[in-house]
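Here is the structure we will look at, set down as structure tokens.
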Amino acid sequence: MCVFCKIVTGEIPSYKIYEDDKFLAFLDISQTSLGHTLVIPKIHVPNIKELDSDLVGPLFNLTVNLAKKITDALDTNHFNIINNTGELAGQSVFHAHVHIIPRYPKDNLTIKFTPNKLTPEEFKNLQEKIIKSLDK
Ligand code: AMP
Ligand code: ZN
């Protein structure tokens, strides 16, 4: 059983902040920023791609609601919502989860988007490639 499944069953302790029949939210052990929370489906799927599409909307809805409540409680209005899918994206626990990361002034956390300079041609090729796969 994976570590998050063990948290669901209670085999491993966690600081739960929300639970219903389908989802669980608990404080991330790393506390990257104060209030760093993970929202998970109780059912084991290795990543968000494998999650039943009926659960994707409710998971995101719950995540946004919790992000609002958590940041209210911690006196900030700022947060990142992050999902890591696959090792290259930084996924280390292979049970689908979404991170809520409250942000504070001078929190020393960097989530950096480094721009790539593309030509209009490259943009067009990229656009076509992606649009084609939408039909599949
Ligand atoms: P990711 O890198 O997106 O797979 O995130 C996995 C997260 O799970 C990391 O931020 C870890 O700190 C967190 N984590 C791992 N084990 C536990 C645990 N037992 N309780 C709470 N958080 C955990
Ligand atoms: Zn699991």
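The values are calculated or read from the model by the stated rules, or taken from the named source; none is laboratory data. Just so it is clear, the structure is predicted and the values come from calculations on it, not from any experiment. Please note: Cβ atoms are built from the backbone with ideal geometry, for glycine as well, and neighbour counts cover all protein chains shown. Side chains are part of the model used for accessible areas, which takes the heavy atoms of the whole protein and leaves out ligands, DNA and RNA. Shrake-Rupley method; radii C 1.70, N 1.55, O 1.52, S 1.80 Å.
Within the range 75-84, the set of residues being assigned to a loop (DSSP other than H, G, I, E, B) and surrounded by 15 or more Cβ atoms within 10 Å (Cβ to Cβ) comprises Thr76, Asn83, Asn84. Pairing each residue of the range 32-51 that is outside any loop (DSSP other than H, G, I, E, B) and more than 11 Å from ligand 1 (Cβ to nearest atom) with any residue that is open to solvent by 70 Å² or more (accessible area, probe 1.4 Å) and of a type in the set (Lys, Arg), provided the two are 6+ apart or on different chains, yields C-beta distances under 9 Å for Pro41/Lys22. Note on the range 2-31: among residues that are within 10 Å of ligand 2 (Cβ to nearest atom) and in contact (Cβ under 8 Å) with a residue 40 or more places away in the chain, the one that is farthest from Thr71 (Cα to Cα) is Cys2. If only residues of the range 91-136 that are assigned to a strand (DSSP E or B) and in contact with a Phe, Trp or Tyr (Cβ under 7 Å, 6 or more places away or on another chain) are counted, the one that is nearest to Val45 (Cα to Cα) is Ile100. Looking at Ser53, is it over 21 Å from Ile70 (Cα atoms), away from ligand 2 (no atom under 16 Å from the Cβ) and open to solvent by 60 Å² or more (accessible area, probe 1.4 Å)? Spelling it out, Ser53 is indeed over 21 Å from Ile70 (Cα atoms), away from ligand 2 (no atom under 16 Å from the Cβ) and open to solvent by 60 Å² or more (accessible area, probe 1.4 Å). Scanning the range 86-130 for residues that are β-branched (Val, Ile, Thr) and open to solvent by less than 50 Å² (accessible area, probe 1.4 Å) turns up Val93, Val98, Ile100, Ile101.
The single residue among Asp72, Asp54 that is under 24 Å from Lys6 (Cα atoms) and part of a helix (DSSP H, G or I) turns out to be Asp54.
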